[in-house]
1. Only one residue in 61, 48 is surrounded by 12 or more Cβ atoms within 10 Å (Cβ to Cβ), more than 22 Å from residue 108 (Cβ to Cβ) and at pLDDT 95 or above. Which one?
2. Look through the stretch 90-102, keep the residues that are in contact with a strand residue (DSSP E or B) (Cβ under 6 Å, 6 or more places away or on another chain) and assigned to a loop (DSSP other than H, G, I, E, B), and return whichever of them is surrounded by the fewest Cβ atoms within 10 Å (Cβ to Cβ).
3. Do we have residue 54 as in contact (Cβ under 8 Å) with a residue 60 or more places away in the chain, closer than 14 Å to residue 127 by Cβ and touching a helix residue (DSSP H, G or I) at 6+ places or on another chain (Cβ under 6 Å) here?
4. List the number of the failed condition for residue 111; all other conditions in (1) surrounded by fewer than 21 Cβ atoms within 10 Å (Cβ to Cβ); (2) part of a helix (DSSP H, G or I) hold.
5. Just to check your reading of the model, which residue among 84, 105 is surrounded by fewer than 15 Cβ atoms within 10 Å (Cβ to Cβ), in contact with a strand residue (DSSP E or B) (Cβ under 7 Å, 6 or more places away or on another chain), modelled with pLDDT of 95 or more and under 21 Å from residue 118 (Cβ atoms)?
6. Pull up the stretch 115-136, narrow it to residues that are in contact with a helix residue (DSSP H, G or I) (Cβ under 9 Å, 6 or more places away or on another chain) and without any contact (Cβ under 8 Å) to a residue 40 or more places away in the chain, then point me to the one that is surrounded by the most Cβ atoms within 10 Å (Cβ to Cβ).
């Protein structure tokens, strides 16, 4: 699976021109509004999520929740055989989107696709941990149902 990590500005510039079948995961925070993406016939589905770039509880800011991690995994599970690319986008394209892409790449590609070692990304490890936790929970449940 190919991963693209964008910030808001890149999303506005490139949303209509992504040439491959893809999913778009758009993350925005407290006080922000969701990016209005230009139409693209290759976009299979878009998931909008609202949470902030934090790694521990800090009201009034929002952490990624277990329910949001489940939504991400559900979306990708549903469409992973239909798409060749997943675009992860947050405000700056540095942390939340990188954490999402990193976790999904570990699952789908078996490696981090270089996301963890690129100087321009600082993956949000709470986001990564939540998504990988959801995947681990599903794996445990599948093993239990096999018994």
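1. One residue alone meets the criteria, 61.
2. The extreme case among them is 93.
3. Considered against the rule, which asks whether it is in contact (Cβ under 8 Å) with a residue 60 or more places away in the chain, closer than 14 Å to residue 127 by Cβ and touching a helix residue (DSSP H, G or I) at 6+ places or on another chain (Cβ under 6 Å), residue 54 comes out as no.
4. Checking residue 111 against (1) surrounded by fewer than 21 Cβ atoms within 10 Å (Cβ to Cβ); (2) part of a helix (DSSP H, G or I), the one that fails is (2).
5. Exactly one residue qualifies, and that residue is 84.
6. This residue is 128.
The values are calculated or read from the model by the stated rules, or taken from the named source; none is laboratory data. Remember, it's a predicted structure, so these values are computed and weren't measured experimentally. FYI the Cβ positions are ideal-geometry reconstructions off the backbone, even for glycines, and counts take in every protein chain you see.
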